[in-house]
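Before any comments, here is the structure.
The values are calculated or read from the model by the stated rules, or taken from the named source; none is laboratory data. These numbers were taken from a predicted model, which means no experiment stands behind them. Cβ atoms come from the backbone with ideal geometry, glycine included; neighbour counts cover every protein chain shown.
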Amino acid sequence: MNRARPLIEDFPAHPDGDPAGALARAVRERRTALGLSIADLAKRADLTDAQVRAIEAGHAAPTLPLLTALSRALNTEA
């Protein structure tokens, strides 16, 4: 039996809203509160500027190690 894969629209919305968007806002707000540029944060977290931009735009699904690196770079608890 060949079943088509369900479309993303077939799944209910995430119960907590938009987790990627919430992460994006939190990272950007903390970075700016610390007076860091994207390049500064990227260097602190051992990431590329493009990776930080993608996270802040809500276009990334960061792994746990990446979230840990961001947390440390932003002086927050992991």
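Looking only at the stretch 57-67, filter to residues that are part of a loop (DSSP other than H, G, I, E, B) and aliphatic (A, V, I, L, M); which one of those is surrounded by the most Cβ atoms within 10 Å (Cβ to Cβ)?
By that ranking, first place goes to Ala60.
Could you tell me whether the stretch 17-28 includes any residue that is surrounded by fewer than 10 Cβ atoms within 10 Å (Cβ to Cβ), farther than 15 Å from Asn75 by Cα and modelled with pLDDT under 90?
Within the stretch 17-28, one or more residues are surrounded by fewer than 10 Cβ atoms within 10 Å (Cβ to Cβ), farther than 15 Å from Asn75 by Cα and modelled with pLDDT under 90.
Would you mind finding the one in Ala24, Ala54, Ala39 that is over 12 Å from the mean Cα position of the chain (by Cα) and either part of a helix (DSSP H, G or I) or among the small types (Gly, Ala, Ser) (or both)?
Answer to the check: Ala39.
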